[in-house]
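Once you've had a glance at the structure underneath, I'll fire off some questions.
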Amino acid sequence: MQDTPLQIVILGHHRSGSSALAGLVRLMGAWLGRDEELAPPHINNPKGFMERNDVIDVNTELLHAAGMDIITHSGLNVEWVDEDRLAACREKAASILTELERHGPVWATKDPRLCITLPFWLPLLSNAHVLVPVRHPMDIASSMQRRGDCSIHTALAFWEVQTVCIIRSSQDLPVLLIDHRELMRSPATAARRIADAWGNSLSIPDEEKLASWIDPTLAHSEADEETWQQASTTYQQELYRAFSTGEAWGSPGQWTIQESSARAISEHNRYVMHMLKEKEYLRHQAQNLEEGKRLAEEAAAHRLHEIRRIVGEVEGQLARTERVISDLHNMQPASPLHWLLHYRSLRKRWHQSVIPDLTSILDTQQHLARTGRDYLKGCGDGKPDQKSED
C-alpha cells in the first residue's frame, strides 16, 4: 500500500456525466463517503450526484465569501476571501480530508464547484490526480436547456468558463480524460483506462455491477455537428478540440474567457437575480395571505363561540320560564287560604324570575341579532356593522 492515498479529484462541468464517472470510481474501490454523507438523488440525477455534502458546504462558503458564483469566474483567488472566513474554511476542509484519508489507499471527491475552488484545496493535497469527464458541449447545453436552466447560447458560455477553469487549475497535476460516450457505452473500458493509468489500487467491477450503475438511456443528447457549428463560436470550437484531445494542457495560459461569454453570463445572472427577487416577493405575499387567513379563521371561531354561548344562555332562560308556566297549568283547586298563599308565592316567583327572564330573553335576542349581523357583515368586507335596530 502506498504511503499517501491516491487522491482523485473529479473535475466536471454541470451535466457532463461527472456523477456517472464518480459512481464508477466508487465501484472500483475509491472511497467517496457513506451514503448519508452524499447529496441525495434528484429527479435530474436519479442515481445520485456522488457529492459529499461537507465538500459542497465548504465550496459554497468560499464562493459566497469571495462574492462569486459557480459559473461567473475562471478561478478562485483566495485573496478575495476574508482571512477569518478563509481560515474557517481551511479548518473544515482539513477535517474532511483527514476523514477521507482514513478509508484506504484511494479516495475520490466530486463537485462542479471544484472547477473554480480547486486552487483553495490544492495546498491541502499531497497526491492529487484529476479525472475529467469529456462530454460534447452541445450535449451539455442541450441537457441544461431541457431542464430549464438557460438557453443553448448561455449554456455554452457556462461550459467555456468551466473548461478554462479546469485547464488552469489542473495544469500541474496528473490529468486523465474520460470520454463520456465511451463511459456510457463501455464502462468496463473506461474503468480499465483508469486502473491502468493509476496503479493496482483500483479494480475493474464485474459486468453486473457496471450494468446496475451505468444506464446508457440516461445519456439523452447526442451532439449534432451542424447545430454545434451554428450555435458555438470559433473560439469555443477550438477550445473543445484542444480540451478533448488534451492539447489544452500544453499551453494553459492561452485559454481565456471571451467577452461575449462573460456578457451572456452577466445578463443571465441579472435575470436570475430578478427572478429570485420576484420569488421572494411572492413568498412574502403568500405569507401575508396565510397570516390573514389565520386571523380571519380565529375571529370567525371567536364569534361562533360567542354566538353559541348566547344561544346556551337563552335556552337556559327559556327552560326556567317553561317550568314556571308548567307550575301554573298544573295548579290544583284548594282551600281559599291555600289558594291565597299559593297565589302570593307564584306572584313573587313571577316578579322575581319570570319577568326578569323574559326581559333577559328579549335583551339576548337583540344582542344575538346584532352579533349575527356583525358576523355576516364582517364576512363581506371585514368591517362590522356599526348600526343595528333593536
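The values are calculated or read from the model by the stated rules, or taken from the named source; none is laboratory data. Values in this document were obtained by computation on a predicted structure and should not be read as measured data. Reconstructed Cβ throughout: ideal geometry from the backbone, glycine too, with neighbour counts over all protein chains shown.
Name, by its number, the condition in (1) exposed (fewer than 12 other Cβ atoms within 10 Å of the Cβ); (2) touching a residue at least 40 places away in the same chain (Cβ under 8 Å); (3) not small (Gly, Ala, Ser) that does not hold for Asp215.
Condition (1) is where Asp215 drops out.
Looking only at the stretch 150-193, count every residue that is closer than 19 Å to Trp255 by Cβ and assigned to a helix (DSSP H, G or I) and tell me the total.
Total satisfying the criteria: 15.
Count, please, the residues in the stretch 125-149 that happen to be in a loop (DSSP other than H, G, I, E, B) and touching a Gly at 6+ places or on another chain (Cβ under 7 Å). First the steps, then the outcome.
The initial filter retains those residues of the stretch 125-149 that are in a loop (DSSP other than H, G, I, E, B), namely 125-127, 135-136, 147-149.
Now narrow it down to the ones that are touching a Gly at 6+ places or on another chain (Cβ under 7 Å): 135.
So the count comes out to 1.
Now, a different point. Can you tell me which residue is surrounded by the most Cβ atoms within 10 Å (Cβ to Cβ) among those in the stretch 21-39 that are among the aliphatic types (A, V, I, L, M) and not in a helix (DSSP H, G or I)?
The selected residue is Ala30.
Specify the residue that is modelled with the lowest pLDDT; the eligible residues are those in the stretch 40-49 that are within 15 Å of the chain's Cα centre (by Cα) and either exposed (fewer than 14 other Cβ atoms within 10 Å of the Cβ) or more than 24 Å from Thr217 (Cα to Cα) (or both).
Checking each candidate, the answer is Asn44.
Still on this model: Would you mind stating whether Trp255 is among the aromatic types (Phe, Trp, Tyr) and surrounded by 17 or more Cβ atoms within 10 Å (Cβ to Cβ)?
It is true that Trp255 is among the aromatic types (Phe, Trp, Tyr) and surrounded by 17 or more Cβ atoms within 10 Å (Cβ to Cβ).
On the basis of being exposed (fewer than 14 other Cβ atoms within 10 Å of the Cβ), in the same structural domain as Ile10 (by TED's automatic domain parsing) and at pLDDT 85 or above, does Arg52 make the cut?
Criteria not met by Arg52.
Restricting to the stretch 194-215, count the residues that are of a type outside the set (A, V, I, L, M, F, W, C), over 29 Å from Met144 (Cα atoms) and in a helix (DSSP H, G or I).
3
Separate question: Identify, by number, the condition in (1) exposed (fewer than 13 other Cβ atoms within 10 Å of the Cβ); (2) touching a helix residue (DSSP H, G or I) at 6+ places or on another chain (Cβ under 7 Å) that His284 doesn't meet.
(2)
Within the stretch 61-96, how many residues turn out to be closer than 14 Å to Pro123 by Cβ, modelled with pLDDT of 90 or more and surrounded by fewer than 19 Cβ atoms within 10 Å (Cβ to Cβ)?
4
Quick grid of which residues meet (1) buried (at least 23 other Cβ atoms within 10 Å of the Cβ); (2) in contact with a strand residue (DSSP E or B) (Cβ under 8 Å, 6 or more places away or on another chain); (3) at pLDDT 90 or above:
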site: Leu100; (1), (2), (3): no, yes, yes
site: His103; (1), (2), (3): no, yes, no
site: Asp111; (1), (2), (3): yes, yes, yes
site: Pro123; (1), (2), (3): no, no, yes
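I would also like to ask the following. Which one is nearest to Trp159 (Cα to Cα), of the residues in the stretch 234-273 that are part of a helix (DSSP H, G or I) and of a type in the set (Phe, Trp, Tyr)?
Of everything passing the filter in the stretch 234-273, Tyr240 is nearest to Trp159 (Cα to Cα).
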